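The values are calculated or read from the model by the stated rules, or taken from the named source; none is laboratory data. As the structure is a prediction and not an experimental result, all values here were calculated from the model. Glycine gets a Cβ as well: all are built from the backbone with ideal geometry, and neighbour counts include every protein chain shown.
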Amino acid sequence: MLYGILKTAHLLSIILWIGGMIFTRYFLGPAAAKLDSQTRASLMQDTLGRFFRLVAYAISIALISGIWMVGRVAKMAIVAGTNFSLPITWAAMMGLGFIMAGFFLLIRYSLYTKLVKQVAASDWQGADKSLLTIRNWVGANLAIGLLIVLAMGVGPYL
Ligand code: HEM
């Protein structure tokens, strides 16, 4: 039962994170590109700020639930007297998951902080450049996330 709850929390967090990145990059971004620089920068700063707050929780839940599940499976193997070896897909998910979390920290605490300062200083040209950089890093994180989902979905059947 606990394992089921952890896996559900894990998947919901991932859905929120990846779904939010897809929405921002492929729907909100292109629509915002049609606005003038000032309106675009203010809209994106506000939207990204709200999204990043929620994503910070989602990442924490995804990492904690993921590590907890690994711990539970390892413990069950030890109790049953068998050897536990981390499946390759799980190891890849963990490694890439930490890289994604690192990218998020960079986006949130370096690039987004810069954007906030530029909006406050009415530096719309600088804000446009920051939005482009954020867009590229979000794209990289999205690609890694989709790769993990693909590996977890198809990997076990190869
Ligand atoms: C520290 C990071 C992570 C750890 C330790 C971890 C661990 C786990 C574990 C133990 C499972 C359960 C597997 C099973 O019961 O078959 C799982 C499921 C899953 N995880 Fe992660 N995970 C991490 C990060 C991520 C990330 C970043 C993503 C995607 C972006 C992801 C996507 C998935 C998916 C799609 C499943 C469902 C797979 C299935 O039902 O077969 N995980 N994860």
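Taking the condition of being loosely packed, with under 15 Cβ neighbours inside 10 Å and in contact with a Phe, Trp or Tyr (Cβ under 9 Å, 6 or more places away or on another chain), how many residues in the stretch 74-102 meet it?
So the answer is 5.
Among the residues of the stretch 105-126, is there at least one that is within 11 Å of the ligand (Cβ to nearest atom), assigned to a helix (DSSP H, G or I) and free of Cβ contacts under 8 Å to residues at least 60 places away in the same chain?
No, the stretch 105-126 has no match at all.
If you scan the stretch 98-119, which residues turn out to be farther than 19 Å from Leu16 by Cα and of a type in the set (D, E, K, R)?
Scanning the stretch 98-119 gives Lys114, Lys117.
Matching residues to (1) within 11 Å of the ligand (Cβ to nearest atom); (2) modelled with pLDDT of 95 or more; (3) within 21 Å of Pro156 (Cβ to Cβ):
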site	(1), (2), (3)
Arg53	no, yes, no
Ile59	yes, yes, no
Leu63	yes, yes, no
Trp68	yes, yes, yes
Arg72	yes, yes, yes
Leu86	yes, no, yes
Thr89	yes, no, yes
Met93	yes, yes, yes
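Is there any pair with a first residue in the stretch 17-28 that is within 11 Å of Phe51 (Cα to Cα) and in contact (Cβ under 8 Å) with a residue 12 or more places away in the chain and a second that is in a helix (DSSP H, G or I) and within 11 Å of the ligand (Cβ to nearest atom) whose Cβ atoms are under 6 Å apart and which are 6 or more apart or on different chains, and what are they?
Trp17/Ala58; Met21/Leu142
Which numbered condition trips up Val119, out of (1) more than 15 Å from the chain's Cα centre (by Cα); (2) closer than 19 Å to Ile59 by Cβ; (3) β-branched (Val, Ile, Thr)?
Only one criterion is unmet by Val119, namely (2).
Which one of these does Gly4 not meet: (1) within 18 Å of Phe98 (Cα to Cα); (2) within 11 Å of the ligand (Cβ to nearest atom)?
(1)
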